[in-house]
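K.L.:
Quick one: this structure, given as structure tokens, is what I'll be asking you about.
The values are calculated or read from the model by the stated rules, or taken from the named source; none is laboratory data. None of these values were measured; they are calculated from a predicted model. For neighbour counting, all protein chains shown are included, and Cβ atoms are generated from backbone atoms with ideal geometry for every residue, glycine included. Just the protein is used for accessible areas: all its heavy atoms, side chains included, with ligands, DNA and RNA removed. Shrake-Rupley method; radii C 1.70, N 1.55, O 1.52, S 1.80 Å.
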Amino acid sequence: MLRFASRAFLFAGLLSIVDPAVAQTRREYLFDKNWKFTKGDVAGAADPAFKDAKWQTVSVPHDWAIYGPFSGTNDQQEVKIEQNQEQKASVKTGRTGGLPFIGTGWYRRRFTVPQFTAGQRALLLFDGAMSDAHVFVNGKEVGRWPYGYNSFSFDITPYLQASGENTLAVRLQNKSEASRWYPGAGLYRNVHLIVTEDVHIPVWGTYLTTPEINADFAKVKLITQVETPNKAFQPLRLETEIRDNAGQVVAKTSTSLAATDGLAFEQNLVVPKPKLWSPETPTLYTASSKLYAGDALKDEYNTPFGVRSFKFEAKRGFSLNGQPRKFKGVCNHHDLGMLGTAVNTAALRRQLALLKDMGCDAIRTSHNMPAPELVSLCDEMGFMLMVESFDEWKSPKVKNGYSQYFDEWSEKDLVNMVHRDRNHPSVIMWSIGNEVPDQSAPGGGKIAKRLQDIVHREDPTRPVTAGMDRIDDAINKNFASVLDIAGFNYKPMRYEMANDKLPQGFILGTETASTVSSRGVYKFPVEPAKQKKYPDNQSSSYDLEACVWSQTPDEEFVKQDDLGFVIGEFVWTGFDYLGEPTPYDEVWPSHSSYFGILDLAGLPKDRYYLYRAKWNTQQPTVHLLPHWTWPGREGQPTPVFCYTNVPTAELFVNGKSQGKQTKAPSDKPQSRYRLMWNDVKYEPGTIKVVAYDAQGKVVGEEEVKTAGKPHHVKLVADRTTLAADGQDLAFVTARVEDAQGNLCPEATNELQVSVKGQGSFRAIGNGDATSLELFHLPHMHAFHGELVAAVQTREQPGDVQVSVSGKGLKSATLRLQTAAAPAKANGSR
Ligand code: GAL
């Protein structure tokens, strides 16, 4: 079936009117525009007659809190963070981002269901709503879903006016002290209305597995649930075709439902000479099913899938399609920096493209269910996913966290998580929790077993893990031994001990490193440090600073490289995120993290190249740090590091050799992964490295020059051809450069963004964790010479001009083009 892009429909005023030419058995409407929103609790807001004209008109996905203002008193928390080894409670200011997400919000939207006839079904599917959603149709409550990260649906047929206007109202509420990071607020993911015939395939109604795969064929088993009026048996027929990624039919079958089948079809098909899915070859197939009652077509449903096999084996570790490999993964939170939590496919795609170039092949959706768009992009772009469910079970970490819902909701939340995502080839494992204090509690292992059993019941094909931090309790209290995969957070020094004591025969680094740094910031003297704080609330990009519980990247690398039973790592984190500004949790105005390999604006920090040098085995990496504009440091020691995938390099300062360095194991893990010239004395001019491969051949060079005064703005877009769909985004990096085109690494110029033509300014960010400038206003100060503006397309194709100016700087203009987006067939829901 086709998933209609919203532009297949004409949205007139508040009503959606269907184009009869494209009316089908199954119709899906994206409720993206024409919502009314207000913050605060409002009596009678669910009532269809309620007057909402004065409310704000918004589009969904919508994050009501990202517009600020920031304040250290928003969700200020006085807590002792046990997993951070804190001994006493203290006041945390920016822990959840300092944004105004606490409180109640209401959304309302009017809609019609065109050509809705007796017997048809209508349901609402929410990809996620933050949080504690109460959903009302025509004044009646149709359902509730507390956990803000999960997807959920309600059948609204009994509440619907078949002809005429309906009113949907959603009440959301966020409590204080309910999160350890910025959760976002509102209808931050998509909302869909799905209309089907009486006999239909329910939401997430297929389960596709590939029980046998070899070079000649792959067996495909497709279970399709059906729903009928009163759940009564009917003689139905399901026709399924499998298409390859070129759209060619490669297998088909037709199956009749027998009374003994219950209300589920089982179909077994064979794909000849399957093309295997992997991060390097993300080949997809689609199973397209048509459901018939007699000759009447009742439903059409698409299930995209991939053909791949994997194993987790004692001693051999992890293998994908028979090839042993280790996860080169990152943990990410769900916010998109300057966009807040409002999901956007282009923003996710940009993140994944940056991670791909780094050589990353896996993502842990810490610590909750991801947006469905992320999972589909991982299928398409080639990332292995650990889909995670919870940060809390029964024992709380924060006063009003998930623990209060755990008993009643954990099973329902796990079932929805697994049902929604179990057909995706990118999903390789499920995580039932992160650092749950229940690791130490009596009965913690039993809870782990119960949750794992639920996940196995719903999906016997994937293993279950959890991120454990209390390693001794987890091992001694039979918690870790229950899990299919023992995952440890920040325990590289204890992997061997854990592996000796546990039955699985392999260990995963579910969370690693937590090195802290700020893009463009270098602190002297250069030395390893824990919890190091500076008066400017920044951390050094020499990548030697971590937390008391965490490490530098190299300390983890050593164990990943030396211990065969370690099956990979998920670095904390790929991108900086809103909230958790460790080591400045108590020092406003810090309000976003310093852990990211890339900053909050998506700009790579130096660490990006340290990981790229190790993980991207296809392209050369030669990266030099720090910048070389240090007026006042003349003659002072200013160490120079090179992150490269080659073993040796020679450094020159103004043409004078500083000697060759070669990576070599030593008691300092860094000496194995970085080339470091620690005694270089600063003099303005040029630093240059010449990189040599193992045979001594020159394979690359890199230069950094002392910059002069800020002179002009330079613009670089991640993409210049975009879809004219009103959603697509270009991320335009503005750099303050000197007359010669060198980045001015200390520039803080305020830059103004103006967008003309078929695009509009959407958001701005500079990656500074202490900046209180707002993301939705078209001006901001550069942080270490750079910032990023997101430019959104309109629905009319055409040219877009993006101009960025700053006082005393020559401004710059960049042209983007937008083109009508082809309608895309997606999976059904
Ligand atoms: C871990 C935790 C993460 C994050 C991280 C920071 O303990 O699982 O959510 O808080 O520490 O290092």
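K.L.:
Please specify each residue of the range 553-582 satisfying the condition of being more than 20 Å from residue 183 (Cα to Cα), within 16 Å of the ligand (Cβ to nearest atom) and open to solvent by less than 10 Å² (accessible area, probe 1.4 Å).
P.N.:
553, 556, 569, 570, 571, listed by residue number.
K.L.:
Restricting to strands (runs of 3 or more DSSP E) lying wholly in the range 725-794: which have 3 or more residues that are open to solvent by 40 Å² or more (accessible area, probe 1.4 Å)?
P.N.:
750-757
K.L.:
Can you tell me which residue among 358, 381 is aliphatic (A, V, I, L, M) and either within 14 Å of the ligand (Cβ to nearest atom) or open to solvent by 10 Å² or more (accessible area, probe 1.4 Å) (or both)?
P.N.:
381
K.L.:
Within the range 437-454, track down each residue that is under 17 Å from residue 391 (Cβ atoms) and in contact with a Lys or Arg (Cβ under 8 Å, 6 or more places away or on another chain).
P.N.:
Within the range 437-454, 437, 438, 439, 440, 441, 444, 447 meet the criteria.
K.L.:
To continue, here is another question. Quick check on my filter: what residues within the range 574-584 are part of a loop (DSSP other than H, G, I, E, B), touching an Asp or Glu at 6+ places or on another chain (Cβ under 9 Å) and either farther than 21 Å from residue 359 by Cβ or not acidic (Asp, Glu) (or both)?
P.N.:
577, 579, 583
K.L.:
Do we find a residue being farther than 24 Å from residue 611 by Cα, surrounded by 14 or more Cβ atoms within 10 Å (Cβ to Cβ), over 36 Å from the mean Cα position of the chain (by Cα) and not hydroxyl-bearing (Ser, Thr, Tyr) anywhere in the range 688-706?
P.N.:
No, there is no match, as no residue in the range 688-706 is farther than 24 Å from residue 611 by Cα, surrounded by 14 or more Cβ atoms within 10 Å (Cβ to Cβ), over 36 Å from the mean Cα position of the chain (by Cα) and not hydroxyl-bearing (Ser, Thr, Tyr).
K.L.:
Follow-up question, since we're still on this one. Take residue 488 and tell me if it is within 16 Å of the ligand (Cβ to nearest atom), at pLDDT 95 or above and touching a strand residue (DSSP E or B) at 6+ places or on another chain (Cβ under 6 Å).
P.N.:
Against the criterion (within 16 Å of the ligand (Cβ to nearest atom), at pLDDT 95 or above and touching a strand residue (DSSP E or B) at 6+ places or on another chain (Cβ under 6 Å)), residue 488 qualifies.
K.L.:
Would you please list the contacts, defined by Cβ atoms under 7 Å and residues six or more apart or on different chains, that run from a residue in the range 482-494 that is within 15 Å of residue 445 (Cα to Cα) to a residue that is open to solvent by 40 Å² or more (accessible area, probe 1.4 Å) and acidic (Asp, Glu)?
P.N.:
Taking only residues 6 or more apart or on different chains, not a single pair turns up.
K.L.:
May I ask you to say which residue of 340, 322 is of a type outside the set (Ser, Thr, Tyr), more than 30 Å from residue 238 (Cα to Cα) and open to solvent by less than 10 Å² (accessible area, probe 1.4 Å)?
P.N.:
One residue alone meets the criteria, 340.
K.L.:
Search the range 367-379 for residues that are under 15 Å from residue 333 (Cβ atoms) and pair each with any residue that is within 16 Å of the ligand (Cβ to nearest atom) and open to solvent by 10 Å² or more (accessible area, probe 1.4 Å) when their beta-carbon atoms are under 6 Å apart and the residues are at least 6 apart or on different chains.
P.N.:
Close Cβ pairs (under 6 Å, with a partner that is within 16 Å of the ligand (Cβ to nearest atom) and open to solvent by 10 Å² or more (accessible area, probe 1.4 Å)) amount to 367/391; 368/149; 369/149.
K.L.:
Here is a further query. Take the residues of the range 635-687 that are of a type in the set (A, V, I, L, M) and touching a Pro at 6+ places or on another chain (Cβ under 7 Å): which is surrounded by the fewest Cβ atoms within 10 Å (Cβ to Cβ)?
P.N.:
680
K.L.:
Given the conditions (1) modelled with pLDDT of 95 or more; (2) in a loop (DSSP other than H, G, I, E, B), which single one is not true for residue 88?
P.N.:
Result: residue 88 passes all but (1).
K.L.:
Based on what the data block shows, is residue 713 open to solvent by less than 30 Å² (accessible area, probe 1.4 Å), part of a strand (DSSP E or B) and closer than 25 Å to residue 795 by Cβ?
P.N.:
no
K.L.:
Out of 500, 438, report the one residue that is over 30 Å from residue 282 (Cα atoms), open to solvent by 20 Å² or more (accessible area, probe 1.4 Å), at pLDDT 95 or above and among the charged types (D, E, K, R).
P.N.:
500
K.L.:
With (1) farther than 25 Å from residue 348 by Cβ; (2) in contact (Cβ under 8 Å) with a residue 24 or more places away in the chain as the list, and residue 616 as the residue in question, which single condition is left unmet?
P.N.:
It is condition (1) that residue 616 fails.
K.L.:
Take the conditions within 16 Å of the ligand (Cβ to nearest atom), over 24 Å from residue 57 (Cβ atoms) and under 25 Å from the mean Cα position of the chain (by Cα) and apply them to residue 98. Does it pass?
P.N.:
no
K.L.:
Let me ask something additional. Go through 320, 336 for me and flag whichever is more than 16 Å from the ligand (Cβ to nearest atom) and touching a residue at least 40 places away in the same chain (Cβ under 8 Å).
P.N.:
Residue meeting the stated conditions: 320.
K.L.:
Have a look at 129, 133, 65, 122 and point out the one that is surrounded by 17 or more Cβ atoms within 10 Å (Cβ to Cβ), of a type outside the set (Asp, Glu), modelled with pLDDT of 95 or more and over 29 Å from residue 411 (Cβ atoms).
P.N.:
Only one candidate passes the filter, namely 65.
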